[in-house]
1. About the Cα centre of the stretch 16-145, how large is the charge dipole given +1 on each Lys and Arg Cβ and -1 on each Asp and Glu Cβ? Please answer in debye to the nearest 20.
2. If the limit is 25 Å between Cα atoms, which of Lys11/Lys144; Lys97/Lys144; Lys74/Lys131; Lys105/Lys144; Lys25/Lys105 go over it?
3. Among the aspartates and glutamates, select those whose C-alpha is under 20 Å from the C-alpha of Lys110, and discard any that sit fewer than 8 residues away in the same chain.
4. Counting pairs of alpha carbon atoms under 8 Å apart in space and at least six apart in sequence, what relative contact order in percent does the stretch 3-129 give?
5. Taking the Kirkwood radius as the inverse of the mean 1/r across Cα pairs, report the Rg/Rh of the stretch 3-129.
Amino acid sequence: MSKIEAFLTSKEEQEIIAAIRVAEKNTSGEIRVHIEATSDKDHYERAIEVFFSLEMNTTKQANAVLIYVAVNDKKFVIYGDEGIHSIVSSDFWNATKDVMQHHFKTGNFKQGIVDGILKAGSALQDHFPYKTDDENELSNEISKA
């Protein structure tokens, strides 16, 4: 079994998907998680590449967020679309990053991702509140490479 397959159990993956659904109930923002073993590229650059390959740049309000995790490299990136960056401060994602990092340091990866998703959803709610006509524009499934 490769490290990527052992990173999360099927049950943990379902808990992450459930957290995405909860977070998206309070915001028009879209959240996705991508997990891969490693990247030869800079992790920030790789997160941007994954963001576009998943067509996360197609949301109406440009308010999608990718949580990218490179398991073997022990790196993660939180990347938000242009609609988010145009209205928030440069340290907008620090609280989300800190929550995730705390759990990751203790080996609790599922809880780190879940809490990161919920924190991101809460942060997005202030700038992109949920509206009754909002559609789920992106899949909630975890993507893997």
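1. In total the dipole reaches around 520 debye.
2. Lys74/Lys131; Lys25/Lys105
3. Glu5, Glu12, Glu13, Glu15, Glu24, Glu30, Glu36, Asp73, Asp98, Glu141
4. Dividing the mean separation by the residue count of the stretch 3-129 yields 33 percent.
5. 0.94
Where a number appears in this text, it was derived from the coordinates with a stated rule and is not lab data. Model, not experiment: these values are computed from the prediction. Please note: Cβ atoms are built from the backbone with ideal geometry, for glycine as well, and neighbour counts cover all protein chains shown.
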